[in-house]
Structures are given as C-alpha cells and as structure tokens.
Amino acid sequence: MSRSRAAPYVASPLPSAQYEAWLARSLPPVEAVRDGILSIPVPFPGPVRFTYCYALQAADGVVVVDPGWDSEEGWAILAAGLAPVGGVAAVRRIVITHFHPDHVGMSARLCAESGAEVLIHTDDLAFLRRTGPDVVGENDAWLRRFGVPENTRHKLLSGAAASSRWSLPHTTDSMGALMDGAIIPTTAGSLRIVHTPGHSPGHVCAVIDEQELVFTGDHVLPRIRSGLGFTFDQSDDPLADYLASLRRCEPFADYEAAPAHEYRFRGLGARIADLAAARADRTEELRVAAGKEPRPLWELAASLTWYRRWDDMDPQTQVSALLEARAHLVYLAGQGRLPVRHESWA
C-alpha cells in the first residue's frame, strides 16, 4: 500500500469507534455497523495494524467476511466478537474478498470449528491453483532481471517470502468459487458480490443495496492506496483491471464504505475519483522516468516519489513497490505510451 502524492484526498470518516481508535492508534472495539452486522477488528502485524472481519446475521446462522490474520490473539478476539451472534459455531459461510493472508488467514480454523463453507472468487481460486501459495514469486532469477544489486537481492527475497505467507484454509479443491453477481442472503439484505480485480485477480467487493452499504475490502480504503501486482511472473494488466474496477464501484458513490482497514467512511465517489487521478499521476511519472533509454526496473522504481525514501523502505515494501512500478509499465506498454521497451520487466 502506498501514497505518492503530497496531499491526497482523504475520505470523510463516519463518527464511529473505528475512527476514534484509528486516531488513538489503538485496536477498535467490536462495533455494530447496522442491525445484524458487526465489525470485529483482528490484529495484523503490518502497517495497517488490523483487518476488519464483518459478521452478518442470516436466517441459518452467520456470514463472515474476511476472518483476518491467523494468530492466537486474533482467534480469541474473533471468537469473542462472534459471541453476540451465536459464536463460532453459528458461522455458515466465510466470504473472502481476496487471498492475502490478513484476509484469508483464519478461515482454516473458522472452517474447522464451524463447518462453514469458504467462498472466494473463481479468479483468485484459479490463480492459487496455478501458482501455489508462493504467489509473490521469491525468485532470484526475476530479481536479477529487474536489475537488483547483488547485495540487495537476498533482502528482497526475504521480503517476498514474508509477503507470501498466504495461509490457505485447506486444499483449494475444497474452497467454493464465488462469481460476479452472486447473492448471499442476510437479515440486513442481499449481500451482492461485485468482482473488482486489480489488487488481486479475484478481489471482490460486497454490496447490500437495502442498507446503502458496500464492503470494499482493500479495493478502496479511506487514506491509502492498495498495491498492484500479484507475482513477479505475470502476464496480466492489474492497473487496467483496477481502473475498470473503480468504475464498477461508481454506482455506489453515495453508499457508506466499510473497508477492511482504517475506518468506515462516506464520499466513496470522490475517493474513487481521487484514486484514479493518483494512478494517472503515477503513470505519467513513470512514463517520464522511463525516458528513451532502457533502464532496469530497480532503477526506475527507486527514482519514483514514494511516501518514504527508497533506501528507508523495508524489503517487503520494496518488493511491493517493484510490483507497482511494473504494473504501471505494463499498462503504459499496453496503451502504446511507453517510448522504449524495458526488457528488464517484460
């Protein structure tokens, strides 16, 4: 996740325990989003600190969206948070917005304890089956191709390994595949799945039109941008997918956004426009940086404007930055806007 502009648009926070805790840099309490919908913060050892698991009551039990990072502390918090709606045993369906470990991580334990089915979009499921759990691709050959200096590659491989801790529920064969437009009944209304690829190939948002509420996962967050690119070895165009996914969310411009991180907010339409503009700025910055002579991806990425100095980034963040830079290069090349082909990232 990154910020590249000095004064990004910040969405309007809703008065909530989520926002108060974010200001205090503390873990929020369990909070009622609507009647029959709870937000349960699950701790995550990363810069965003926690992931919101949303629990929605249904006629036959509970639907959980993103059970969060797998840890003993997180499990205790999740189990306690589910107690008011029947506890762990009441969970019938687990909806995963995308396969990253701070979202899918505790689905294994929750599934084992409750017998719930685990649902993930078919494109993320296909991606996992194609690549296995090491989706970041800790591959020294790719880092050499990207022009990473010898004394830096092992650090980046460690960062890639840290990023690739995708804790899958069990075998992918036992996970149910979600499709765009799928409907999951809840007491608050119909939870409708909207495919929003970019952050991952099968990322989804989930909308309850009756409540004017959209669970945005990592697709749209109130302050920070989600990363792009899923692995070093890819042929997709994640930025083009992401921009199209932003447009898919425009009909929900006036809905309340319930993201996976930070806090709930209003102004989704304005935030979508700002994110698209930020990506356009980044694309132009990279087009200029690419120039007319081929340069290694490592050198290009290091020359960009990031929210912290390149040399101050931890290895995991540098891996994410490399993938983001590459995603923008793929997008530029696809539009015919790249002056010269840079073989180091192709």
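What follows draws every value from the coordinates through simple rules; no lab data is involved. Please read all numbers here as calculations on a predicted model, not as lab measurements. Here the Cβ positions follow ideal geometry from the backbone for every residue, glycine too, while neighbour counts run over all protein chains shown.
Kindly identify the stretch 269-346 as rounded, prolate or oblate by the Cα gyration tensor criterion: order the square roots of the eigenvalues as a ≥ b ≥ c, call it rounded if a/c is under 1.5, otherwise compare a/b with b/c, prolate if a/b is larger, else oblate. It would help to have the intermediate numbers written out before the result.
Values: a/c = 1.93, a/b = 1.07, b/c = 1.81.
Oblate.
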Using 0.36 nm per residue, how much length does the chain from Ala32 to Thr187 gain when fully extended, once their Cα-Cα distance is taken away? 54.4 nm
How long are the semi-axes of the equivalent ellipsoid of the stretch 187-346, defined as square roots of 5 times the Cα gyration tensor eigenvalues? Whole Å, largest first. 31, 16, 14
Among rounded, prolate and oblate, which fits the chain when a ≥ b ≥ c are the square roots of the eigenvalues of its C-alpha gyration tensor, a/c under 1.5 means rounded, and a/b larger than b/c means prolate? prolate
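Determine the sum of side-chain charges near Arg93: Lys and Arg each +1, Asp and Glu each -1, restricted to other residues whose C-beta is under 13 angstrom from that of Arg93.
On the way: positive: Arg92; negative: Asp60, Asp66, Glu117.
Every neighbour counted, the sum reads -2.
In the chain, what % of DSSP beta bridges are antiparallel (nearest 5)?
Numbers: 30 of 45 bridges.
The antiparallel fraction comes to roughly 65 percent.
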Apply the a/c threshold of 1.5 to the C-alpha gyration tensor of the stretch 219-258 and tell me whether it is rounded, prolate or oblate. oblate
For the stretch 311-343 and the stretch 44-76, write down the distance between their C-alpha centroids in whole Å. 32
Projected label distance in nm at Ala126 and Asn139, using a 7 Å step from Cα toward the beta-carbon: 1.9
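If Lys and Arg each add +1 and Asp and Glu each add -1, what is the summed charge of the other residues whose beta carbon sits under 13 Å from the beta carbon of Ile272? Before the final figure, lay out the partial values.
On the way: positive: Arg225, Arg247, Arg248, Arg266, Arg271, Arg279; negative: Glu250, Asp254, Asp274.
Around Ile272, the surrounding residues sum to +3.
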Mean separation of Cα pairs under 8 Å and 6+ residues apart, divided by the residue count of the chain: what relative contact order is that in percent? 18
